[in-house]
Amino acid sequence: MPRTITAFSNPLIKRVRSLREKKGRRLERLFLAEGLRILTEAREMGRVPNWVFYAPEGAAHPLVDALIAAVEGAGGEAIQTDRDILSKLSGKDNPQAVLGVFDEPATDLDLIDRGSADLWIVAQALRDPGNIGTILRTGDAVGAGGLILIDDCADPFSVEAVRASMGAIFTQKLATARWPDFLTWLRAGPGQLVATALDGAVDYQSPTYQTPSFLMVGNESQGLPADYAAAADLRVKIPMLGKADSLNAAVATAVAAYEIRNQWRRG
């Protein structure tokens with residue numbers, strides 16, 4: 001049966017609150033996800049939190065009942081609390097009524113099965129966790145297999161990234177690697193590396209995309225390093241018809257990914 005915690009000094013509350021910081025997540029190998037929709041999608045994907053915290057006003061919802069049953073059935077714990085505690089845990093003044101604590105999955109590149117999807121997204125040195133979450137969400141929308149983060153990126157398990165992913169953190173495979181390791185892994189099997197770039201690039205609608213395609217985008221302010229782009233099989237650019245010289249990294253990913261997908265749909 002769920003227990004009730006309403007004290008900020010409770011050791012579990014302090015432990016879970018530490019997960020808002022990268023140091024705490026790295027120490028515990030846990031991360032936070034909030035919102036009934038996201039937690040329900042996680043449950044449907046077979047991912048159940050170790051702890052689920054919920055406010056009394058959300059307890060009557062049948063999806064909350066199903067979530068509590070799944071957590072307790074998997075050996076986890078359901079905890080009823082109040083909005084003040086949920087606000088403290090999530091860092092939001094107006095928190096969602098449900099919050100879960102999940103194990104971080106392994107992000108080894110060797111765990112990626114490239115044959116399980118025809119499209120993968122690769123992002124290099126992204127600094128904005130919101131962009132990472134949005135790219136995960138885009139990957140889910142276009143049927144990509146997952147996201148491979150290259151070099152030093154923002155933490156994909158941060159509260160901001162998980163929130164922006166809208167549940168895609170549970171549907172997309174996630175891997176992290178340094179550039180030399182990624183390139184060695186990529187060239188050990190099939191896969192066309194498609195880089196979004198400016199120099200020596202062709203219009204993104206003109207080439208023929210192969211499967212599997214690995215769509216690579218670069219840092220928000222600097223783009224891809226020149227040697228990374230040069231190592232790609234194909235360099236593409238999205239025309240800029242106004243005064244802006246580039247798109248937001250997540251937007252550019254969505255535009256290019258949908259072009260690849262639509263080309264395959266058209267046959």
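The values are calculated or read from the model by the stated rules, or taken from the named source; none is laboratory data. Given the structure is predicted, the values throughout are model-derived calculations rather than measurements. Glycine gets a Cβ as well: all are built from the backbone with ideal geometry, and neighbour counts include every protein chain shown. We work out accessible area using only protein heavy atoms, side chains counted, and drop any ligands, DNA or RNA first. Shrake-Rupley method; radii C 1.70, N 1.55, O 1.52, S 1.80 Å.
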Identify, please: which residue in segment 105-128 is surrounded by fewer than 16 Cβ atoms within 10 Å (Cβ to Cβ) and not in a helix (DSSP H, G or I) and is, among those, farthest from the chain's Cα centre (by Cα)? 113
Scanning segment 39-57 for residues that are open to solvent by 10 Å² or more (accessible area, probe 1.4 Å), of a type in the set (A, V, I, L, M, F, W, C) and out of contact with any Ser or Thr (no Cβ under 8 Å at 6 or more places or on another chain), which turns out nearest to residue 95 (Cα to Cα)? 51
Residues of segment 248-267 being open to solvent by 30 Å² or more (accessible area, probe 1.4 Å) and either under 23 Å from residue 153 (Cβ atoms) or out of contact with any strand residue (DSSP E or B) (no Cβ under 8 Å at 6 or more places or on another chain) (or both), which ones? 248, 251, 255, 258, 262, 263, 264, 265, 266, 267
Index of the failed condition, residue 78 passing every other in (1) closer than 30 Å to residue 147 by Cα; (2) in a strand (DSSP E or B); (3) not β-branched (Val, Ile, Thr): (1)
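Each row is one residue, and each column tells you yes or no for (1) acidic (Asp, Glu); (2) open to solvent by less than 20 Å² (accessible area, probe 1.4 Å); (3) assigned to a helix (DSSP H, G or I); (4) closer than 20 Å to residue 133 by Cβ.
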residue: 1; (1), (2), (3), (4): no, no, no, no
residue: 27; (1), (2), (3), (4): no, no, yes, no
residue: 33; (1), (2), (3), (4): no, yes, no, yes
residue: 65; (1), (2), (3), (4): yes, no, yes, no
residue: 88; (1), (2), (3), (4): no, no, yes, no
residue: 101; (1), (2), (3), (4): no, yes, no, yes
Take the residues in segment 225-247 that are charged (D, E, K, R) and not in a loop (DSSP other than H, G, I, E, B); name whichever of them is surrounded by the fewest Cβ atoms within 10 Å (Cβ to Cβ). 227
Take the residues in segment 175-187 that are open to solvent by less than 20 Å² (accessible area, probe 1.4 Å) and either touching a helix residue (DSSP H, G or I) at 6+ places or on another chain (Cβ under 6 Å) or not in a helix (DSSP H, G or I) (or both), then tell me which one is farthest from residue 33 (Cα to Cα). 177
Restricted to segment 140-169, and to residues that are in contact (Cβ under 8 Å) with a residue 60 or more places away in the chain and charged (D, E, K, R), which residue is nearest to residue 258 (Cα to Cα)? 163
Test for residue 131: is it out of contact with any strand residue (DSSP E or B) (no Cβ under 7 Å at 6 or more places or on another chain) and buried (at least 22 other Cβ atoms within 10 Å of the Cβ): yes
Per the filter on segment 188-200, residues surrounded by fewer than 18 Cβ atoms within 10 Å (Cβ to Cβ), in contact (Cβ under 8 Å) with a residue 12 or more places away in the chain and among the aliphatic types (A, V, I, L, M) are 198
